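What follows is one structure encoded as structure tokens, with my remarks underneath.
The values are calculated or read from the model by the stated rules, or taken from the named source; none is laboratory data. From a predicted model like this one, the values you see are computed outputs, not experimental measurements. Positions of Cβ are generated from backbone atoms using ideal geometry, with glycine treated the same way; all protein chains shown enter the neighbour counts.
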Amino acid sequence: MRFVAARAVHAVATLLLVVTLAFVVLEMLPGDPAGIAEDPSLGPAEQARLRAALGLDQPPARRYATFLAHALQGDLGVSISRHRPVRDVLAAALGPTVQLAGSALVLSVLLGWLIGTQAASRPGGLAERAVRTLLPAVDAVPPFWLGLVAILLFAWRLGWLPAGHLASPTPPETWTALLVDRLRHLVLPVCVLAIPGTAPVARHQWSAMRRELRRPWVRAALANGVARGRVVWLRGTRAALLPLIALVGLGLPALVGGAVVVEVVFAWPGLGRVHQSALLARDIPLVLGGLVCVSGAVVAGRLLADLLSAWADPRLRRPGGGAR
Amino acid sequence: MHGDDPRARTVRRRRTRPGDRTIRFRGAAPLFVVLLLALVPGCGSRSGTAPSDEQAPGRGGTLVVAVRVAPDAANPYVARTHASLELANRTLPRLFAEILPATEDGRVELRPELVVDWTVDPDRRRVELTLRDDARWSDGQPVTCADLAFTLAAQKDPDLAWAGAEYKQAIESVECPEPHRAVYRFSRPTPYTLMDVNDIHVLPRSIADVPRAEWRRTDWAARLPAAGPFRIAAWRDGAEVVLERNDAYWGAPELPRIDRIVLRAVPETTTLLTQLLAGEVQFASGLDPASARRLEREPAIAVLRRPGWNYVYLGWNTIDPEAYRAWRRGREAACRRAGQDACPDPPAEIARLAREHPHPLFGDARVRRAITLGIDRRQLVDAHLLGAASVPPSPILAPLPEHDPALEPWPYDPDRARRELQEAGWLDRDGDGWLERDGRVARFTVYVHAGNRLRRDVALSIKRQLADLGLDMRIEPVESAAFYARLFGRQMDAWIARWRVSARVDMTELFGEAACGTGGANFGCFVDDEAATLAAQARETTDAERRHALWHAWERRFREQQPYTLLFRADLFAAARREVHGIETSQANDALAGVESWWLASQATASGR
């Protein structure tokens, strides 16, 4: 319980730090916080009225305090560029991002686990060659480039999959057709986001499994007649689970970062695109709200990874222990 | 790139044979070959057969339109994006549709929409309109003169701070002698009386219960009834807006012919082109020349080209930056002493600085003219815009009647440019290749938007050309907010930017002394008594012929003085799949203009593939 409380306090402090830093950086940027000054047709009096209407006439410290006080009550303010409550804008974008990033996370972990385990269990085989040579190259591919190639190949050239968006403009009439339509739209962005994430998972799983498979208990189990597949895929995997959990926790920020790029390429209406457009519009309430949302998800993911690690390895629950 | 190489066409045809579709993924090599082929433009497009233009207009279907930036608000008086204005053109009524000419001999047209009859009194102080009596809002209420009065009150309300409020200041009142008759009274005659009445959309008085100070925080998509051909059916923030035919529209049931329009935000160019080629999107505007040229080779795509109603220019700061900084320090100290939070630049003071402390380079018209003469703008257009632009001689664009068609842009003449620079005292005295005067090297920095690749590339070409004259031009790409902060803070020697042009000509907004201060658009504070007098007379002259003559004279002065070097007026491109008919009504300033009369040849295409 103490362990959980300590981790939770750490997570909240991280979140607060991120939001504070973001606010300070946004304030330091040159230009008008709401881009009002970018409209030269507005006179000084009109600009002043607009600033007052948007609450931008207050000093930054007061605006920050107000933002925090309201945020604690679940009110993230009103978006300057979208004229709607930030909460509503984020709520609409959260679902698509969770679909995209969540599916990509599951896919990359599953693929990485399969490839890594297979590579460790059959040294010199195709999977190990892939882990040693192909996957590092895949890891280095920028999601932006990969996305464009995927669109050109699978959407235009082959015509197998749609090039972007969440669903077709004309929704299918039956429930199953709707599901298929959603899945078809999900395939390309999820694969593009998942493929670079597969490489580190596979590498770590390969390394951890190689270590596990050299331990005496594996030889003992095999000598006692336990099937090799059972030893490798069940017992070995459980033993190699700890670094995998830590890796997934550490990889969450990269996944969210990659999602921003993938959302732009695939015109996916998620948090990444909201964030990008808010930054370009200098929409501070929306940028901060988005940051609270994204960093909250990342911090929660890390917290979950820490807790899972502690569950998998009781030694980490002792004082002085920490997730590796 | 294949270009027009006939061998390339052969390759293209061969690859589109059905048998060639089979790809075997045996090992990595074939995959990479496929990836490479997929990246080569022009190879194996999925083009279809264009339907015959002789088909009778069809009805129904969904038109999918790609936009770079999604509309940000359904209410055009609080919207910040052009997409929102185009959306409002479909959903809200206008008195007239303002049609900008698409050809050299065209003219601005105000096409009646809500208005059936109108009279403008000879003294231009009274305009009487008769409205259609069959126009209704989607909530069932009729569109009446009361809506016009409500709209004018909102437009002039300081709490709303609408950017176009200035054009309404001369309108004193709207009287409603009958529900469908409106009388506008002006406090003074203005040259563009009907345009002043017209701008922009009519709002329903049913939204009067929303305080105007709250308009920027209101979700209008769900609140605002429609009276245009379409109404908003779904608003997916930043991603998609779905419009459905408005049965309350006065043109119904004949118009609109299309049932639904889906506006989808596609920010990435490659994605947009692919969606257009694959049939997921059927219409897109705002295409760059390279994309348009690429699409012109596709039989399934029709490309529309229109002269743009905007121009890109190189602007000059005419005030010595050091003098301005010193003055500004003093001004801020005075504001602090007076306890004033806001400390704007008074226009008269800035104009005085421009006269008394001119910029070492750009305070001299000869230098500005020399730079215009030293830039081969036609070459810029050919190299960076593939020829799809013109070089305008004046910011009053052709074929507006205020523009003098006989006026020619300065030619590319580096010899004359050198002579002008010599006359201004700029000489290469130490033989290092750079001009000097009074111990100062002819060096300056041009600021460009970091995200605008075209302007960055153009700036690079200009840098090379000006280096031949001995001018050392530096380029500073900066992010948009920082760009404007520097521009308004007069911390720039020069900058590249763009203005969108309207049919209402008033150059005092850009080059008048009153626009030199904070909030004005005369960023470089160009002051010239002759040009100012001509512009002041022209903006107050209601006699069209005399007004045009005054603007022609102003243009000649502009040409001599060169407060801007006008770089180019880029053509605008839109593209549609061939199944979309009627797109000829599309306008440069409103790509979906006339969409209510468009129709789709095959409704099956609406769902994508």
Check your understanding: Could we say that B:Ala221 is within 14 Å of chain A (Cβ to nearest Cβ), among the small types (Gly, Ala, Ser) and part of a loop (DSSP other than H, G, I, E, B) here?
Key -> yes
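For every residue, the table says whether it meets (1) surrounded by fewer than 18 Cβ atoms within 10 Å (Cβ to Cβ); (2) at the interface with chain B (Cβ under 9 Å from one of its Cβ atoms); (3) of a type in the set (Val, Ile, Thr).
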site	(1), (2), (3)
A:Ser103	no, no, no
A:Arg122	yes, no, no
A:Val131	no, no, yes
A:Thr174	yes, no, yes
A:Leu188	no, no, no
A:Pro196	no, no, no
Point to revise | helices (runs of 4 or more DSSP H) within the stretch B:480-559 that include 3 or more residues within 20 Å of B:Pro347 (Cα to Cα) and more than 14 Å from chain A (Cβ to nearest Cβ) | key: B:529-540
Check your understanding: Out of curiosity, is B:Glu280 within 24 Å of A:Arg157 (Cβ to Cβ) and at the interface with another protein chain (Cβ under 10 Å from one of its Cβ atoms)?
Key -> yes
Revision key, fill the gap. Filtering the stretch B:343-358 for residues that are within 10 Å of B:Ala515 (Cα to Cα) and either among the polar types (S, T, N, Q) or surrounded by fewer than 16 Cβ atoms within 10 Å (Cβ to Cβ) (or both) leaves a count of 2
Revision key, fill the gap. Considering residues that are surrounded by fewer than 19 Cβ atoms within 10 Å (Cβ to Cβ) and assigned to a loop (DSSP other than H, G, I, E, B), the number found within the stretch B:424-470 is 13
Exercise for review: Out of B:Arg94, B:Arg111, B:Arg80, report the one residue that is among the basic types (Lys, Arg) and surrounded by fewer than 19 Cβ atoms within 10 Å (Cβ to Cβ).
Suggested key: B:Arg111
Review point. Do we have A:Phe154 as among the aromatic types (Phe, Trp, Tyr), within 12 Å of another protein chain (Cβ to nearest Cβ), surrounded by fewer than 18 Cβ atoms within 10 Å (Cβ to Cβ) and out of contact with any strand residue (DSSP E or B) (no Cβ under 9 Å at 6 or more places or on another chain) here?
Key: no
Practice item. Kindly indicate which of B:Arg294, B:Arg264, B:Arg305 is within 14 Å of chain A (Cβ to nearest Cβ), surrounded by fewer than 21 Cβ atoms within 10 Å (Cβ to Cβ) and farther than 30 Å from B:Ala494 by Cα. Key: B:Arg294
Practice item. Answer yes or no: is there a residue in the stretch A:74-90 that is touching a Phe, Trp or Tyr at 6+ places or on another chain (Cβ under 9 Å), away from chain B (no Cβ under 13 Å), in a helix (DSSP H, G or I) and crowded, with 21+ Cβ neighbours inside 10 Å. Key: no
Practice item. Of the conditions (1) in a loop (DSSP other than H, G, I, E, B); (2) within 19 Å of A:Arg84 (Cα to Cα), B:Glu214 clears all except one; give me its number. Key: (1)
Exercise for review: May I ask you to list pairs of residues, at least six apart or on different chains, whose Cβ atoms are under 6 Å apart, with the first in the stretch B:240-262 being without any contact (Cβ under 8 Å) to a residue 60 or more places away in the chain and the second being outside any strand (DSSP E or B)?
Suggested key: B:Arg245/B:Pro256; B:Arg245/B:Asp259
Point to revise | Unmet criterion (only one of (1) surrounded by fewer than 20 Cβ atoms within 10 Å (Cβ to Cβ); (2) part of a loop (DSSP other than H, G, I, E, B); (3) at pLDDT 95 or above) for B:Pro399 | key: (3)
Point to revise | Residue tally, condition among the hydrophobic types (A, V, I, L, M, F, W, C) and in contact with a strand residue (DSSP E or B) (Cβ under 7 Å, 6 or more places away or on another chain), over the stretch B:84-101 | key: 6
Point to revise | Qualifying positions in the stretch B:335-349 - away from every other protein chain (no Cβ under 12 Å) and either among the basic types (Lys, Arg) or over 18 Å from B:Tyr324 (Cβ atoms) (or both) | key: B:Arg336, B:Arg337, B:Ala338, B:Gly339
**Study point:** Residue in the stretch B:233-254 that is away from chain A (no Cβ under 12 Å), touching a helix residue (DSSP H, G or I) at 6+ places or on another chain (Cβ under 7 Å) and not in a loop (DSSP other than H, G, I, E, B) present
**Key:** no
Exercise for review: Being touching a residue at least 60 places away in the same chain (Cβ under 8 Å) and among the basic types (Lys, Arg) is the filter; apply it to the stretch B:532-576 and report the residue that is nearest to B:Trp309 (Cα to Cα).
Suggested key: B:Arg569
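Regarding B:Ile319, is this residue surrounded by 15 or more Cβ atoms within 10 Å (Cβ to Cβ) and under 30 Å from B:Ala102 (Cβ atoms)?
Details: surrounded by 15 or more Cβ atoms within 10 Å (Cβ to Cβ): yes; under 30 Å from B:Ala102 (Cβ atoms): no.
No; evaluated as a whole, the condition is false for this residue.
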Study note, to complete from the structure: Within the stretch B:575-594, residues being hydrophobic (A, V, I, L, M, F, W, C), in contact with a strand residue (DSSP E or B) (Cβ under 6 Å, 6 or more places away or on another chain) and under 14 Å from B:Glu86 (Cα atoms) number 3
